[in-house]
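Before any comments, here is the structure.
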Amino acid sequence: MRIKTVGVVLRPSTEGIKEFFYEFKKEICSYGADVLIDTVSAKSVSEKPTPLEEMFKKADILVSIGGDGTLIGLARRSHPYKKPIFGINLGNLGFLTAVSRDEYKEFIADLFDGKYEIEQRIMMEVVHKKAKSEKRYFAFNDVVLTKNIFSKMIEIGVTSEGNEVNSYYGDGLIISTPTGSTAYNLSGGGPLVYPTSENFIMTPICPHSLTQRPFVLPTFLNLTVTPTSSSAVAIMDGQESFAVEYMESLELLQSKEKVVLLWPKSHSFFTVLKQKLRWGQDR
């Protein structure tokens, strides 16, 4: 992969983001590449903006500077363009960001030298089906179907190609990709799933019955999720939401395009778990 142009998305609220961006830009330019920055991010650093879709078309790789949320938003918006992504973590936990502030220069040198790992992860396509129309959304981490402020608990039916899978009664349901298994799914009691697997993980939120447990399913079993007791709210990656009326359905399937992430050669998911979740350090 020859890198001529790098597209950048920032988390504008990050302390010192302007100074870091210009340091990053100088580093990229030292390898003879150009840097483009989207319109929203450009406002926080007083840089010439490039419309988002134009940036996606022109860039050879995309970089998120901030935290996991910044990378997730970038992945969801850019995945039809099939551009590789890596993240620089200026936040706290950072499961998805490839490198920290202190590590990024070394990784950039390796990128331009062709020394990196490529990882492909699934994206979830969510089709909101109404009586006379439908609308498509995408989620990299998860879609959460939960009660609105007017209901105490909600009942959610899940089917697969006409076959009943389960019915959940409680505060809602998390349907996660393997990438999202370390996010809301994990804090809700769901399992960790290896990130390049092709699975959906269903984890009930505070279920009324203790027999309702998390369920891991292959993505070829397209799922349909329906609020069967009242209207609900669907939340994509914690960043986008919309109302789902009583008996409207969400069809969940694996998107045709995968998200391509770039990692250092030394990257290991198990090392990340050990570092971020302190595995093996509580003895």
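The values are calculated or read from the model by the stated rules, or taken from the named source; none is laboratory data. Treat the numbers as computed from the prediction; the structure is a model and nothing was measured. Cβ placement follows ideal geometry from the backbone for every residue including glycine, while neighbour counts extend to all protein chains displayed. Side chains are part of the model used for accessible areas, which takes the heavy atoms of the whole protein and leaves out ligands, DNA and RNA. Shrake-Rupley method; radii C 1.70, N 1.55, O 1.52, S 1.80 Å.
Observations
- Cα Rg, Dmax, region 91-137, angstrom units: 18.6, 53
- Beta bridges by DSSP in the chain, antiparallel share as percent, to the nearest 5: 75
- One decimal place: the segment PHE150-PHE242 gains 31.6 nm when fully extended, by the rule 0.36 nm per residue minus the C-alpha distance.
- Added length on full extension, which subtracts the Cα-Cα distance from 0.36 nm per residue, LYS258 to LYS4: 89.2 nm
- Once Cα Rg over 2.2 N^0.38 Å is calculated for the structure shown, the corresponding label among (1) 1.06; (2) 1.14; (3) 0.98 turns out to be (1).
- The figure for VAL35 is an accessible area of roughly 20 square angstrom, using a 1.4 Å probe on the protein chains alone.
- Mean separation of Cα contacts under 8 Å (6+ apart) over length of the chain, as relative contact order %: 18
- Atom-type composition of the exposed protein surface of region 1-150 places 47 percent of the accessible area on carbon and sulfur (1.4 angstrom probe).
- Taking 7 Å steps out from each Cα toward its Cβ at TYR81 and LEU221 produces label points 3.7 nm apart.
- The chain, helix-only ellipticity at 222 nm - DSSP H runs n ≥ 4, -39,500 (n - 2.57), divided by all residues, nearest 500: -6000 deg cm²/dmol
- Beta bridges per DSSP with both ends in region 1-156, % antiparallel, nearest 5: 25
- Checked against a 18 Å cut-off, the cross-linked pairs LYS25/LYS48; LYS58/LYS105; LYS18/LYS57; LYS26/LYS48 give Cα-Cα distances beyond that limit for LYS58/LYS105; LYS18/LYS57.
- Projecting the Cα atoms of TRP279, LEU250, ALA234 onto the charge dipole of region 234-283, computed from C-beta unit charges around the Cα centre, puts TRP279 farthest toward the positive end.
- Zone residues, region 147-182, relative to SER231, backbone N less than 12 Å from point 7 Å out along Cα-to-Cβ: 148-151
- Entry comment: accessible area of region 50-121 is 41 Å² per residue, from protein heavy atoms only and a probe of 1.4 Å.
- Between region 219-283 and region 185-217, the C-alpha centres lie 10 angstrom from each other.
- Taken along the Cα-to-beta-carbon direction at a fixed 7 Å, the label points for SER30 and GLU198 span 4.2 nm.
- Translational diffusion of region 61-180, estimated by Stokes-Einstein from the Kirkwood radius over alpha carbon pairs at 25 °C in a medium of 0.890 mPa s, is 143 µm² per second.
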